[in-house]
Structures are given as C-alpha cells and as structure tokens.
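In what follows, a single structure is set out as structure tokens and then discussed.
The values are calculated or read from the model by the stated rules, or taken from the named source; none is laboratory data. This is a predicted model, so every value here is computed, not measured. Using ideal geometry, Cβ is built from the backbone for each residue, glycine included, and neighbour counts are taken over all protein chains shown. Each accessible area value is taken on the protein alone, full model and side chains, heavy atoms only, with ligands, DNA and RNA left out. Shrake-Rupley method; radii C 1.70, N 1.55, O 1.52, S 1.80 Å.
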Amino acid sequence: MEGGPLLRIENLVLGLKGRSYPLVGPVSLAVDRGEIFGLVGESGCGKSLTGLACLGLFPPAVTPLSGRVLIGGDDLLALSENERRFFRGRRVALVFQEPLSALNPVLTVGHQVEEVLRLHRGLSGTAAREETLRLFSEVGLPDPETRLRNYPHELSGGMRQRVMIAMALAGNPDLLVADEPTTALDVTVQAQILALLLELRKRRGLAVLFISHDLTVIREVADRVAVMYAGEIVELAPRESLFAHPSHPYTRALLEAFPRLGVRQLRALPGQVPPPGHWPAGCRFAPRCPEKVPACEKEHPAMKALSAEHAVRCLRR
Ligand SMILES: Nc1ncnc2c1ncn2[C@@H]1O[C@H](COP(=O)(O)OP(=O)(O)OP(=O)(O)O)[C@@H](O)[C@H]1O
Ligand SMILES: [Mg+2]
C-alpha cells in the first residue's frame, strides 16, 4: 500500500465551460487513511463541487481548469473517464443528502446493492445476497432479510441513508465523500448516522471527507476541519484547535452563529458571500470583515501556519 495521504487535492481550480472566472479554488487539502476530514462553509462556497471532484465527477457545465486530485499516486484529472470509473466505488464512494434521488424507485434496495456488488466485486446469486445481508447488518439496518425486499419509499429517511451507505461500502472503498449526509434527517436520526460513520472508521479504517454547512455536526465527527469561503479554504486545523482557537474572522463568525439552531444566516456579519466572477482581488472576505485594514483589500493572503497543524488565510494573523 502506498504511503502518504489517501487523497490529496493540489491547487484545484474548477470553472464553467466557456467562462474564464473560477467557480471554486484554488483548493488544496489532504485526507489521511482512517481520517474524518470536515469541510464546512456557507452555501455556494464550493463544498459539493470539491467533493465531486474527489470522484473525478463534474456537473455538465463544470470543468477542471487546473490542479490535481491524487488518489494514492494517481491523478484522477489526468485519467480518461473509463479509467476514472475504476476508482469510483472501489477507492472512493459518494453518499449525499437525499438518498431518494440516488436510489431507483422501482427496484428493491436489496437488488440495488447486489447490482453494485456485481459491478465492483463480480459477486452474483447467493454470494451477492449474503454480502448484501452482511452490509445491511454492518450499517445497522434492522431485520436485513426484510429490508432486501423493500422499495426505497417503504423505508424511513434514516434507513434509506443507511442503504446508501451500504451501497457506498459495497465496493470496499478507502474513502467516503459524504455530502451533507445528515442534513435532511431529524436530529435523533442524524446522531445515529454520525455514530455509524464513526464506527465504520473504527472498524474498517474508512476515511471520510465530511461536507456540512453546520459546525455543530462537524464538531461531532471530524478529526480535522477546513473552513471554506468563496471557493477557497480560509482555515485548516485539528478539531480541538479550531474550536478552541478559531483564528479567521469568518470562522469566528460561523462559530458565533452556530448556537442559533436552524438559523442559516450569520447575524454577526453584514453582506453576503460574493458569487463566482465577483471575488475581490484582495482577501475574498474583506468586504464583510470586521477586522479589515486597507492592505486586506489589495493583497490576497496566502495560508499562514500558526502551528504545525493550524493554518489560516489572513493578513492580520
Ligand atoms: N452545475 C453547476 N453549474 C453552474 N454552476 C454551478 C454548478 N454547480 C455549482 N455551481 C456553482 O459553483 C459554486 C459552488 O457550488 P457548490 O455546490 O460546490 O457549493 P456548496 O458549498 O456545496 O453549497 P451548498 O451548501 O448550497 O450545497 C456556486 O457558486 C454554485 O452556484
Ligand atoms: Mg453542496
């Protein structure tokens, strides 16, 4: 097995076909084996596109402009679509917010997991059935035998998310990209799914790129956290360090906002995230920053190390 991180994103910039401005980036981050890496930020900051890029997936209008996405030693962006397909499911798999849109409504969930097992591991018949039952037990689905024969609409939201996780695990990936996997669930079920991810990490050594707009959720699971703002990472730190010593003014604003459950807006901050094509030339956060000085509007800050593991993109730190 290769050394080094499992996933390494290097200066990834994503754009729209036919447009010159970036949608996301440059983004650099690395996820280690067995690590739960949290990616947090407000709507539109680029979390989902970054997550999809880890599978070499891009919505039709979106295209990588530069950078690398390394899984082991292989740059996904340098591979053909056929070659990328080999990585999907077997090295990296995706779990997202709404399992209903990912599951086929007219097939039983048992059938759908068996199909993934056939595709990625060549299993069929009894072997596929037994492995599906095993996966269903592993993800904590009650009465797995009955679940095999259920259609997606017959299951609760929490159970559907467990089926999605079972499907994602079917190819034995090392990394799960989980994009807001608990956002659509009520708080109790959300806690159960987070506990399941932690258990899978422990049992399988699974790594997770955990995407959320909610710092309370990130705080439950992540070993390290990257905070994104307007397409770039503005702070990167181990969880304890980020919550004990938030350094970027944006991270602080997010933390102040989070006790107000259900409130998406950062009340402490005026203004909005600038959309792609309208990022300021200096610090992208400067227009909203309570601590800005004139230099912040001229100079785009680089990531600066505050300690071996804690870095921040702010001229004033
Ligand atoms: N298919 C697409 N075509 C054009 N622009 C897109 C597309 N998908 C995303 N974008 C734009 O790219 C930027 C990043 O979007 P992304 O979905 O990654 O944000 P996000 O952080 O996941 O937001 P949210 O919290 O709402 O899910 C946004 O400005 C968004 O409008
Ligand atoms: Mg998203």
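Which residues, counting only those in region 139-155, are basic (Lys, Arg) and either touching an Asp or Glu at 6+ places or on another chain (Cβ under 7 Å) or surrounded by 12 or more Cβ atoms within 10 Å (Cβ to Cβ) (or both)?
147
Residues of region 280-314 being buried (at least 19 other Cβ atoms within 10 Å of the Cβ), modelled with pLDDT under 95 and assigned to a loop (DSSP other than H, G, I, E, B), which ones?
289
One line per residue, one yes/no per condition, for (1) over 19 Å from residue 172 (Cα atoms); (2) away from ligand 1 (no atom under 13 Å from the Cβ); (3) open to solvent by 60 Å² or more (accessible area, probe 1.4 Å); (4) acidic (Asp, Glu):
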{"site": "4", "(1), (2), (3), (4)": "yes, yes, no, no"}
{"site": "9", "(1), (2), (3), (4)": "yes, yes, no, no"}
{"site": "19", "(1), (2), (3), (4)": "yes, no, yes, no"}
{"site": "24", "(1), (2), (3), (4)": "yes, no, no, no"}
{"site": "47", "(1), (2), (3), (4)": "yes, no, no, no"}
{"site": "52", "(1), (2), (3), (4)": "no, no, no, no"}
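Among the residues of region 26-42 satisfying the criterion of being surrounded by fewer than 21 Cβ atoms within 10 Å (Cβ to Cβ) and more than 25 Å from residue 195 (Cα to Cα), which is farthest from ligand 1 (Cβ to nearest atom)?
For region 26-42, the residue satisfying everything is 28.
Going through region 201-214 one residue at a time, which ones are more than 14 Å from residue 51 (Cβ to Cβ) and within 13 Å of ligand 1 (Cβ to nearest atom)?
214
I'd like the full set of residues that are outside any strand (DSSP E or B), free of Cβ contacts under 8 Å to residues at least 60 places away in the same chain and under 28 Å from residue 254 (Cα atoms), limited to region 16-57.
49, 53
Which pairs have Cβ atoms under 7 Å, sit 6 or more apart or on different chains, and link a residue in region 276-298 that is closer than 21 Å to residue 227 by Cβ to one that is open to solvent by less than 40 Å² (accessible area, probe 1.4 Å) and among the charged types (D, E, K, R)?
284/232
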